[in-house]
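Okay, structure first, notes after.
The values are calculated or read from the model by the stated rules, or taken from the named source; none is laboratory data. Predicted, not measured: the structure shown is a model, and the values here were computed from it. Glycine also receives a Cβ, built like all others from the backbone with ideal geometry; neighbour counts cover every protein chain displayed. Just so you know, the surface numbers come from the protein's heavy atoms only, side chains and all, with ligands and any DNA or RNA stripped out. Shrake-Rupley method; radii C 1.70, N 1.55, O 1.52, S 1.80 Å.
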Amino acid sequence: MAQEKRLVEEITPMAVDFAQWYTDICKKADLIDYSSVKGCMIIRPYGYAIWEHMQRILDTRFKELGHENVYMPLFIPESLLNKEKEHVEGFAPEVAWVTRGGSEELTEPLCVRPTSETLFCEHYANIIRSWRDLPKLYNQWCSVVRWEKTTRPFLRSREFLWQEGHTMHATAEEAIAETLQMLNVYAEFHEKVLAIPVVKGRKTDSDKFAGAEATYAIEALMHDGKSLQAGTSHYFGDGFARAFDIQYADKENKLVYPHQTSWGCTTRMIGGIIMTHGDDSGLVLPPAVAPIQVVVIPVAMHKPGVVEKATEIADRLRAAGIRVKVDVSDNSAGWKYAEYEMKGVPVRLELGPRDIEAGQCVLVTRHNREKAVVSLDGVEAAAKEKLEAVYNGMFERALANRQAHTYDCRSAEEIIAALEAHGDGFVRAMWCGEEACEDEIKARTGVSSRCIPFEQEHIADTCVCCGKPALHLVYWAKAY
RNA sequence: CGGGAUGUGGCGCAGCUGGUAGCGCGCAUGCUUUGGGAGCAUGAUGCCGCAGGUUCAAGUCCUGUCAUCCCGACCA
């Protein structure tokens, strides 16, 4: 029996082993391969194509908002990295160093950038002279290196791809507005493009970026109830400007310090897609970033006219602006169904001799496997409708999952009980603002503070930990 | 970085008290098939993760190392 043979045994079920399920998808959907260096993954064409769509959409948005792309060097001299105290203390433990060039020891070690604040600052110090030079709205797409101890594909690799925006502004107000604007860009990108609902908020001081005055982040809840920080935006005040001696002459000809921001998001978002939308059959891709939006599967391919018709339909869809692949390989139709489900293709179009005769085809949406028979006349519009339906279905399902796993708690005991009863998820609880309470909650319940959400609610008067008057509602969760 | 597990054809695994490496899937070729991972036939593919050591002899024993996974501490 086919059942005994378990032909479809590619992916470990989520319920059996979530981490293995995740890794299986990364490998079996052809997103990545491992390399010979720990934590450095090979992003394969299918995975990279997803990243390219993310890049294209974000880059367009950044440019609409006035940002310009630049490229900064890969290396940072040790002395430059050391200029801002908190920054270097935060990053030093995970920095990779180059100490030799060819056969010569370098007189000064070079750090492989873990982030580029220092490089941008050094440059800004040279080019910002007058209030007329502001704002500076720079962004770069690059990879950075952080020598992580525990690594996982997309979620935590030693080298990862990202974009980092670094901006300089005349006033604090303007810089803060930029910080929040970019956080909103990220939030909107996640919700409208990736179909991942996010919580926007501010990080607590203990979780702040090294050297930042305030760090804002978006947090998304994954299938296993853990939270993924999916994008961050930092406000630096003039701290780096002072450390790097960046000054400009304002309109009164006084020398003043500009105010700075930085913001970034990474290939980690691909991990977020996997863990938000994936299922036991594999990846489920948001249509907007899917390398293949519609896969056309000719059924009974050997019969005359089937391949021709499938190709014709594919051409029509392509002409309508849809990313299409028609699979004419000699695998069976069933094999192809499974294959493209594994790869998360949002819509499958089945076309066989009976369909052709009837002037119709079958459209199957990946996220819920619903089949619909549609007329070949106007198949373009039908496919677009389905892509829209996939997006909507994905977002609603992810939102419902988050709501089902968000718990309001008033004590550590309630937190423990809620997680025990309903599984890991977001805990919403009031906090007094003391780091000691943050630490204690983490020690007692396992959840750490994720963010202080912009959308505040007053669900209790007192801190969930110490019972003193509460300052904020905080989202807590186990985190990636 | 601490605790645990695992490295054997592309993938999944077997290989006992050391004795010249095997199975399933996949892959190649041919024929028959094709609406949910097709069948038969023939065939190819191994520095047993890597480096040392013990031994007449190492996939097997010992040491080290690298990688992957899990649990902690740290982090996008």
Q: List the number of the failed condition for A:L399; all other conditions in (1) surrounded by fewer than 17 Cβ atoms within 10 Å (Cβ to Cβ); (2) free of Cβ contacts under 8 Å to residues at least 40 places away in the same chain hold.
A: (2)
Q) Before we move on, is A:A290 out of contact with any Cys (no Cβ under 8 Å at 6 or more places or on another chain), touching a residue at least 60 places away in the same chain (Cβ under 8 Å) and open to solvent by less than 10 Å² (accessible area, probe 1.4 Å)? A) yes
Q. Here are some residues: A:I57, A:I127, A:I76. Which one is touching a helix residue (DSSP H, G or I) at 6+ places or on another chain (Cβ under 7 Å) and without any contact (Cβ under 8 Å) to a residue 12 or more places away in the chain?
A. A:I127
Q) Do you know which of the residues in segment A:83-104 that are modelled with pLDDT under 85 and part of a strand (DSSP E or B) is least open to solvent (accessible area, probe 1.4 Å)? A) A:G101
**Q.** Whichever residue in segment A:152-165 is more than 6 Å from RNA strand B (Cβ to nearest atom), part of a strand (DSSP E or B) and among the charged types (D, E, K, R) and, among such residues, is farthest from the chain's Cα centre (by Cα)
**A.** A:E159
Q. Within the set of pairs 6+ apart or on separate chains, which have a first residue in segment A:299-313 that is over 17 Å from A:L376 (Cβ atoms), a second that is within 11 Å of RNA strand B (Cβ to nearest atom) and in a helix (DSSP H, G or I), and C-beta atoms under 7 Å apart?
A. A:M301/A:V307
(Q) Being touching a strand residue (DSSP E or B) at 6+ places or on another chain (Cβ under 7 Å), open to solvent by 10 Å² or more (accessible area, probe 1.4 Å) and not in a loop (DSSP other than H, G, I, E, B) is the filter here; which residues of segment A:200-216 pass it? (A) A:K200, A:R202, A:D207, A:A214, A:Y216
Q. Which of the residues spanning segment A:392-408 are in a helix (DSSP H, G or I) and under 12 Å from A:G423 (Cβ atoms)?
A. A:N401, A:A404
(Q) I'm trying to understand the selection: among the residues of segment A:293-323, which are more than 10 Å from RNA strand B (Cβ to nearest atom), assigned to a loop (DSSP other than H, G, I, E, B) and open to solvent by 50 Å² or more (accessible area, probe 1.4 Å)? (A) A:P304, A:G321, A:R323
Q. So which residues in segment A:324-375 are part of a helix (DSSP H, G or I), more than 8 Å from RNA strand B (Cβ to nearest atom) and in contact with a Ser or Thr (Cβ under 6 Å, 6 or more places away or on another chain)?
A. none
Q) Does A:L228 satisfy the criteria of being touching a residue at least 12 places away in the same chain (Cβ under 8 Å), within 13 Å of RNA strand B (Cβ to nearest atom) and surrounded by 18 or more Cβ atoms within 10 Å (Cβ to Cβ)? A) yes
Q) From A:K149, A:K192, A:K136, which residue is within 15 Å of RNA strand B (Cβ to nearest atom) and basic (K, R)? A) A:K149
Q: Quick one: in segment A:54-76, of everything that is within 24 Å of A:H190 (Cα to Cα) and either open to solvent by less than 30 Å² (accessible area, probe 1.4 Å) or within 16 Å of RNA strand B (Cβ to nearest atom) (or both), which residue is farthest from the chain's Cα centre (by Cα)?
A: A:H67
Q.
Looking only at segment A:244-276, filter to residues that are among the β-branched types (V, I, T) and touching a strand residue (DSSP E or B) at 6+ places or on another chain (Cβ under 6 Å); which one of those is surrounded by the most Cβ atoms within 10 Å (Cβ to Cβ)?
A. A:T261
Q.
With the structure loaded, tell me whether A:G393 is closer than 30 Å to A:E219 by Cβ and within 29 Å of the chain's Cα centre (by Cα) or whether it fails that test.
A. yes
